[in-house]
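In what follows, a structure is listed as structure tokens, so that the remarks can point back to it.
All of the numbers you see were taken from the coordinates with simple rules; none came from a lab. As the structure is a prediction and not an experimental result, all values here were calculated from the model. Neighbour counts are summed over all protein chains in view; Cβ atoms, including those assigned to glycine, are modelled from backbone coordinates with ideal geometry.
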């Protein structure tokens, strides 16, 4: 990914961080408990899209993408097809592949804190 794209991503300041923390933690827990139904593609929700990639870096990626960042995320998907698109955590396995969960545009320390508060390691 080019430096300018990384700079744009680092400059992002998302509203409703707490909302995305909860969504992130819930999806990680559901993947760990095998209660999340993984379907490649995109699902639109009230404030975000859930973009499920079946083979990014050999793994399933569940990206929580705030609606205001959707077009930027789509640009990065194309320009950086073999890279992480932000902070992600390994949450489990599905069909013999790792399942990683990310929340695009939300800083890793905020997401990690959410996991720690929920009692996850």
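Distance between Cα centroids, region 25-67 to region 71-94: provide it in whole Å.
Rounded to whole Å, the Cα centres lie 11 Å apart.
For the chain, what does the helix formula give at 222 nm: sum of -39500 (n - 2.57) over DSSP H segments with n ≥ 4, over the residue count, nearest 500 deg cm²/dmol?
Helix-only estimate at 222 nm: -11000 deg cm²/dmol.
Which of rounded, prolate or oblate describes region 3-58 when judged by the alpha-carbon gyration tensor and an a/c cut-off of 1.5?
Taking the square roots of the gyration eigenvalues as a ≥ b ≥ c, region 3-58 is oblate.
Is any residue of region 68-107 close enough, with backbone N under 16 Å, to a label point placed 7 angstrom from the Cα of residue 38 along the Cα-Cβ axis, and if so, which?
Correct set: 88-103.
Here are several values of Rg/Rh (Cα atoms, Kirkwood Rh): (1) 1.11; (2) 1.19; (3) 0.93. Which one was derived from the coordinates shown?
Identified label for the calculated read-out: (3).
Classify region 73-121 as rounded, prolate or oblate, taking a ≥ b ≥ c as the square roots of the eigenvalues of its Cα gyration tensor: rounded when a/c is under 1.5, otherwise prolate if a/b is larger than b/c and oblate if not.
Oblate.
At residue 16 and residue 80, where each label point lies 7 Å from the Cα along Cα→Cβ, what is the point-to-point distance in nanometres?
Going from the residue 16 label point to the residue 80 one covers 2.3 nm.
Normalising by the residue count of the chain, find the relative contact order in percent from Cα pairs under 8 Å and 6+ residues apart. Provide the component values of the computation, followed by the final result.
Details: 164 pairs, mean separation 34.3, N = 121.
Relative CO of the chain lands at 28 percent.
Considering only the chain, what is the antiparallel percent among its DSSP beta bridges, to the nearest 5?
Taking every DSSP beta bridge with both residues in the chain, the antiparallel ones total about 75 percent.
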